[in-house]
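Chemist: Okay, handing you the structure first.
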Amino acid sequence: MRRSVIIAVAAVGTLVAAGCASSSSSSSSSSTSSSSSGAATAACVASTGMEGPLTGPVAVLGQEQLHFAELAVAMDNTANGTQISIVQGDTQLNPALATTVTQQLTSNAKIVAVAGPAGSQEVEAVGPLMARAGLAFISGSATNATLTTGKYPTFFRVVSKDSVQGPEDANFIVANLKPKALMIVDDQEAYSTGLVTAMTPIFTAAGIKVDHESVSQKVTDFSSLVAKVTANTSVVVLPWQVAANAQQFGRDLAQQHKNAVIFGTDGLFSPGTFSIGGSYVSSFGPDITGIAADAAIAAAAQSKYGTFGTFGPPVFAAQHVIDEAISSVCKAGQTPSRANVLAAIKQTNEPTSILGQPIQFDSNGDLVNGKFFLFKISSAGKYQLNATQLAG
Amino acid sequence: MTFFFQELVNGITTGALYALVALGFSMVYGVLKLLNFAHGDLYMVGAYIGFFVIRWFGGPTALTIPVWLLLVIMFVLAGGLVGGMGVAIERFAYRPLRNAPRIAPLITAIGISFFLENSALLLFGAQYRIYNTPDFISFSSGIRIGSVTIDAVQIMVLLLGLALMVGLRLLVSRTRLGKQMRAVAVDREAAEMLGINVNFTIAATFFIGSALAGVAGVMAGLLFNQVYSLIGFTAGLKAFTASVIGGIGSIPGAMLGGLLIGIAESFITGYISSTYTNLIVFGLLIVVMLLRPSGLLGQAQLQKV
Amino acid sequence: MSLDAPPPAAGPQVGADEWVARQAHRREYLPSFLGQAQRRFERIGFWPKLAVAGLAGAALPAVQLGGFQLQVGIDTLDIMLLALGLNIVVGWAGVLDLGYVAFYGIGAYGFALLSSGQIGSHGIHLPAELSVPIVMIGTAILGLMVGWPSRRLIGDYLAIVTLFFGEAFVEFTNNVAPSVFGGPNGIVGIDTIRAFGLSVTSNTGYYYLLVILVVVVMAVLRLLDTSRTGRAWRAVREDPLAAASMTIPVNRVKLMAFAFGAAVAALAGTIFAAQQISVFPTDFDTPILILVYAALVLGGVGSIAGAATGALVLMVIYDGLLRNGNYAGYLFYGLILLTVLVKVRPWRRLATVLAGTVALGFAAHAIARAISARAVAGSPQSTGWLGATVRHWVIIPANPQGLGDWGYVVLVCLLIALVQAKQPWRTILLVPALYLAAVVWETILAAQPAIARQIMLGAILIVTMNARPQGLLGTRRVEVPQ
């Protein structure tokens, strides 16, 4: 056994040395490549990173984001004649892991831009690292308002922020649903609590009685919570990330014969999973199956990956911005580098995009004129666009 | 008042579920003095098995067999397969460690728990699997007393849970196997010397305990509809809490503990706030442990010199 | 009625004693020259070895390369500190503390509160030479408070209570007083380490700081280990009742273990908080606990060098599996080959097994291709020369998920059977097991490296405890049945 121990430790040491040597001489190759295996020609070759929760509790969202990023790269490579490939990084929505993954991406000199990370906490954790490396990163789902106060000079996002979505949704509820009392439940994640903080003052100012509850994402039984829904409570606001939980909540409401209507946000947009008739879902991303110009993309995504929600398309948009920036750099005769790609992204001016609106970034990295989309679910479970422009 | 009763009904239902899981856990501890951390994950496997059985027979909307038959198959299959898994785990992971330092089987159990959770994630994927129970057991088939609703699934869970608990009690106190289990729990070496086949008894205990967990998993799927790889962790925690509060190693204690936890959670959510439910339950546990370490119904353990 | 024969001697034996264990150990020396070198090595004391290890660690940044390796090095040293602290509690005092990560978190949050802009309008920005000791002492006191109820609880109960304490910590920081603890948003903008006028500005700085800390902690632990307290801990671990009759204050000794372990964890936490510039509740959840336990168990419970080595080996593998490119593949195949090389003797059997695996692979691939082209239409996860090599050896269908899933289940069953089987069957079953491992890797595991490494952690815990409970560098323990 002693011999085995010595051999084992020696071998691991060799592996470490080999790994260090191999990665010092050349950066790690991509694990997902949409280009051919031929040698790099004079064509535009670049690597981009993609950070998302590929495993963990919200892996479904992360996988959807990854799929849409890959789709964007495939379509853009064909359209622009580039050879862009994606290097994945799994953050599990965990900021500490995001830091390690970001170190991995920033130390890979070939990577010129990153799509992601998904969570606002992760952006806060990796922002300084990205800034130090001069690496542009575009998030398709980090909506915390504090992220674009100038702290992270290389951060961009293609979605609107909580400080806009929250109050707009709250105003809609007050004006159109006119509840006397409502229950708002957060799922103990930053995304959720941010929205609750934004919405509650508006409700209380309108004289509505607010019952603020909180359950973790791991809870699957809501019957006790639903029993607390009074006869006066006509709206339950669920700014959750897990659609299946909301579906269960809705079922418990029906089982206990409560008449409250569910108002949910982005995470609940999931036509297969959340389908309680009469509910509202406010989303930062559109339903691209309803946008005529996106028919090709939607069909491709559907056939390759199955059903999708609203988390994928914004990452498609982000990746597309990156791809276009790289392509424009190449057309100007330069080799893509972090600096020139960052500059090109800042100049982005797309008149139309998969999100159904133009994409332009303000000086802080926010999307100019970001829209929100409100959907109402019919009794048959279909999502119908209710009011397209909730935000300016 | 209806609110009180509604919360009570919810609490008793979930409490019965916790009690079933705690029972298996307590049994195994009684016989092997081992905290089986992997117990909650067996519950998760049972829930997945139930889901796949539903899919096999046409999914929640187009069932090819009557509902009662589906339920029977789900319970029997989940119980049997998960019981078998439990026996296999005991045979190859815990038996070699029977004479090892106490820490070894505990760490192995943690390892098995983690292994099972991630294997389920690998094999079954990250997305939640939904039972869609209301599609084949509709809400209207329940009873309504005033404005307190108890739907059919809850009634079934309660009755089945009660039947299983009573059955287990009878098994342990009246049958020969039960007597052997109790003997092994008290003193393994002496039991061996008396001619009891200790390995078989322990395996049988694991089978029954794990089968209970599997059945509880199916029930959880029917009640809560959602199955994913981490539900076992939470259920396992609740099972520990219930067993410890009731007195670990004691079967009536596990039942009592489970019900108490279920009702406590329900009332804390209802009357205080859902934010602090877990914290308060943990706090309760700590208090019980400090005041009465052997649990409410357990006996103070004698330390033999 | 039947009495099973006692299991074959593997691991701690009841009735055997330390002398027998030492004899067995001596028998394991390599022959002739290497064996002498081994004996010489063992005779070198602790301090020279520590000095060499410290110098090697400090030399690492000079040798390589890039922010990523540095970050991994920092993470490894963090886990090393944690494993060292856990070793005190679990390895020396024998107390199974499942809430250990909570102390890590308390250290991190404590530092975050004291050295950032969180509290008050401008925050308390204590310099590190004040905040770190305050946090360490505070956590040690908290460790005492958590350990205090243990005096009435038997080992297993303590495990549960500490488990709940760990869970309660995450819930607490997530939900209670979000304005103070930051809620799920955590605390950001934490100061870097500033002590005595110097401040740590780069990752390299943090790396050196951690190397110094690890060396210092290992030195302190060694001094503790060889002191009266260390002997008292060992006595309490082996037999608390006997220790009590020898006038060792068992409860006080256990509490000291808790306090020391908590202090070391808090130290690791403060450096973590400063280096990450932010702390979140999810940083201190169960997966980190499993990681630290796996590191300690792999290295050897009860041994300082073991804790450090286990952390190093584990983090290298853990990180390696997450890297892009073929690195994960090299690691996977490399580890399997290594295990087979080491465990299968004599060399004739080894050669048969390897040849058999290769032959089986090609045969199976040919049969599958003959049956249906779709059965081998997929491409392996590995690329480059590795991918080209395995492409014609491993069956990868166009849709790899089905084969991968069933292959995984069959593989686990095969491995279980392998453990139970006797000799000729063992060699025979090893061949399909190896092939199946490659198939499963190429179809589903390599595509999900994050899950693969979590599975690996669980497997490490199970296998180590069953096959070699003393880990890589620990000493065999003999348990007297109670």
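Only the coordinates and a few stated rules stand behind these numbers; no lab work does. Not measured: the values here are computed from a predicted model. Virtual Cβ from ideal backbone geometry, glycine too; neighbours counted across all protein chains shown.
Chemist: What span do the alpha-carbon atoms of the protein assembly as shown cover on each of the three principal axes, reported in whole Å from largest to smallest?
Modeler: Extents along the principal axes: 81, 76, 73 Å.
Chemist: Still on this structure: Would you please put B:261-267, C:216-222, C:416-422 in order of how densely packed they are, using the mean number of other Cβ atoms within 10 angstrom per residue and starting with the highest? Walk me through the numbers on the way to the answer.
Modeler: On the way: B:261-267: 21.9, C:216-222: 17.1, C:416-422: 12.9.
Ranking, from highest mean packing down: B:261-267, C:216-222, C:416-422.
Chemist: Now for a different question. How big is the gap, in Å, between the Cα center of region C:283-359 and the Cα center of region C:175-245?
Modeler: Cα centroid of region C:283-359 versus Cα centroid of region C:175-245: 27 Å apart.
Chemist: Using only the Cα atoms of region C:265-332, what semi-axes does the equivalent ellipsoid have when each is the square root of 5 times a gyration tensor eigenvalue? Give whole Å, largest first.
Modeler: Details: eigenvalues 100, 72, 22 Å².
Largest first, region C:265-332 gives 22, 19, 11 Å.
Chemist: Moving on. From the phi of every residue in region A:259-271, what ³J(HN,Hα) in whole Hz does the Karplus formula 6.51 cos²θ - 1.76 cosθ + 1.60 yield, where θ is phi - 60° and glycine or proline is x?
Modeler: Those phi angles translate into 9, 6, 9, 8, 10, x, 10, 2, x, 7, 6, 7, x Hz.
Chemist: OK, next. Sort A:218-226, C:391-399, C:339-347 for me by packing, meaning the mean count of neighbouring Cβ atoms within 10 Å per residue, highest on top.
Modeler: Highest-to-lowest ranking by the protection proxy: A:218-226, C:391-399, C:339-347.
Chemist: Could I ask something else about it? Would you work out which of B:Ile103, B:Gly30, B:Leu81 lies farthest towards the positive end of the dipole of region B:1-116, given +1 charges on the beta-carbon of Lys and Arg and -1 on that of Asp and Glu, about the Cα centre?
Modeler: Farthest along the dipole direction, towards plus: B:Ile103.
Chemist: Would you mind checking which residues have amide H under 5 Å from B:Ala38's amide H? H placed 1.01 Å from N; only 5 or more apart, or other chain.
Modeler: Placed amide hydrogens put B:Ser113 under 5 Å from B:Ala38.
Chemist: Then there's this: Under the definition of partner shielding as Cβ atoms of other protein chains within 10 Å of a residue Cβ, what is the mean value for peptide A:247-258? Numbers along the way, then the final one.
Modeler: Working: counts 5, 7, 0, 0, 6, 5, 0, 3, 9, 10, 4, 1.
For this peptide, the per-residue mean of nearby foreign Cβ atoms is 4.
Chemist: Once you have the Cα-Cα distance between C:Ala359 and C:Thr427, take 0.36 nm times their residue separation minus that, and quote the gain in nm to one decimal.
Modeler: Numbers: separation 68, 0.36 × 68 = 24.48 nm, distance 1.49 nm.
Full extension of this stretch gives 23.0 nm more.
Chemist: Further, regarding this structure: Please arrange C:Glu129, C:Glu171, C:Glu442 by counting, for each residue, the other beta carbons lying within 10 Å of its beta carbon, fewest first. Intermediate results must be reported in sequence, preceding the final value.
Modeler: Values: C:Glu129 14, C:Glu171 19, C:Glu442 28.
In order of increasing Cβ crowding within 10 Å: C:Glu129, C:Glu171, C:Glu442.
Chemist: What's the ranking of B:172-182, B:144-154, B:8-18 by average number of surrounding C-beta atoms within 10 Å, highest first? Write out the running numbers ahead of the final one.
Modeler: Values: B:172-182: 15.1, B:144-154: 17.5, B:8-18: 24.5.
Those peptides, ordered most packed to least, come out B:8-18, B:144-154, B:172-182.
Chemist: Does region C:207-253 come out rounded, prolate or oblate, given a ≥ b ≥ c as the square roots of the eigenvalues of its C-alpha gyration tensor, rounded meaning a/c under 1.5 and, failing that, prolate meaning a/b above b/c? Spell out each step's value before the answer.
Modeler: Values: a/c = 4.21, a/b = 3.62, b/c = 1.16.
Prolate is the answer for region C:207-253, as a/c is 1.5 or above and a/b outweighs b/c.
Chemist: What share of all Cα pairs of chain B, in percent, falls into each consecutive 20 Å distance bin?
Modeler: Pair shares across the bins are 33, 58, 9, 0.
Chemist: Suppose every Lys and Arg Cβ carries +1 and every Asp and Glu Cβ carries -1, with no other charges. What dipole size does region C:327-467 come out with about its Cα centre, to the nearest 20 debye?
Modeler: On the way: 10 positive and 2 negative charges, 88 e Å.
It works out to roughly 420 debye.
Chemist: Let me ask something else. Under 18 Å Cα to Cα from A:Lys376, which lysines show up? Leave out anything in the same chain fewer than 8 places away.
Modeler: Cross-link targets: A:Lys178.
Chemist: How much of the DSSP beta bridge set in the protein assembly as shown is antiparallel, as a percent to the nearest 5?
Modeler: Here the antiparallel bridges make up roughly 40 percent for the protein assembly as shown.
Chemist: At q = 0.08, 0.12, 0.14 Å⁻¹, work out log10 I(q)/I(0) for chain A with the Debye formula, treating every Cα as an identical point scatterer and leaving solvent out; two decimals please.
Modeler: -0.44, -0.90, -1.16
Chemist: Straight-line reach from B:Lys179: which lysines fall under 25 Å, measuring Cα to Cα and dropping same-chain residues less than 8 apart?
Modeler: Here the lysines satisfying the reach criterion relative to B:Lys179 are B:Lys33, B:Lys304.
Chemist: Rounded to the nearest 500 deg cm²/dmol, what is the calculated helix-only ellipticity per residue at 222 nm for the protein assembly as shown, with -39500 (n - 2.57) per DSSP H run of length n ≥ 4?
Modeler: Details: 43 runs with 697 residues, N = 1179.
-19500 deg cm²/dmol, from helical runs alone.
Chemist: Which of the three applies to region C:243-370, rounded, prolate or oblate, going by the alpha-carbon gyration tensor with a ≥ b ≥ c and a/c under 1.5 meaning rounded? Could the numbers behind the result be given before it?
Modeler: On the way: a/c = 3.74, a/b = 1.82, b/c = 2.06.
Taking the square roots of the gyration eigenvalues as a ≥ b ≥ c, region C:243-370 is oblate.
Chemist: Sort B:Leu168, B:Leu77 so that the residue with the fewest other Cβ atoms within 10 Å of its own Cβ comes first and the one with the most comes last.
Modeler: By the 10 Å Cβ count, ascending, the order reads B:Leu77, B:Leu168.
Chemist: Per-residue Cβ counts within 10 Å, from other chains only, averaged over C:439-446: what number is that?
Modeler: Numbers: counts 0, 1, 0, 0, 0, 2, 1, 1.
Mean shielding by partner chains, rounded to a whole number: 1.
Chemist: In addition: Decide, for region C:422-482, between rounded, prolate and oblate: order the square roots of the alpha carbon gyration tensor eigenvalues as a ≥ b ≥ c, take rounded if a/c falls under 1.5, and otherwise choose prolate if a/b is larger than b/c, else oblate. Don't jump to the answer; show the numbers that get you there.
Modeler: Working: a/c = 3.47, a/b = 1.48, b/c = 2.34.
In terms of gyration-tensor shape, oblate.
Chemist: Report the Cα centroid-to-centroid distance between region B:104-180 and region A:184-199 in angstrom, as an integer.
Modeler: A separation of 32 Å, based on Cα centres.
Chemist: What is the average number of partner chain Cβ atoms found within 10 Å of a Cβ in A:207-216?
Modeler: Values: counts 0, 0, 0, 0, 2, 3, 5, 8, 5, 9.
Mean partner shielding for this stretch: 3.
Chemist: Normalising by the residue count of region C:327-467, find the relative contact order in percent from Cα pairs under 8 Å and 6+ residues apart.
Modeler: On the way: 118 pairs, mean separation 37.1, N = 141.
So the answer I get is 26 percent.
Chemist: May I ask you to sort C:Thr139, A:Thr148, C:Thr247 by Cβ crowding, counting other Cβ atoms within 10 Å and putting the fewest first?
Modeler: Values: C:Thr139 27, A:Thr148 22, C:Thr247 6.
Ascending Cβ contact count within 10 Å gives the list C:Thr247, A:Thr148, C:Thr139.
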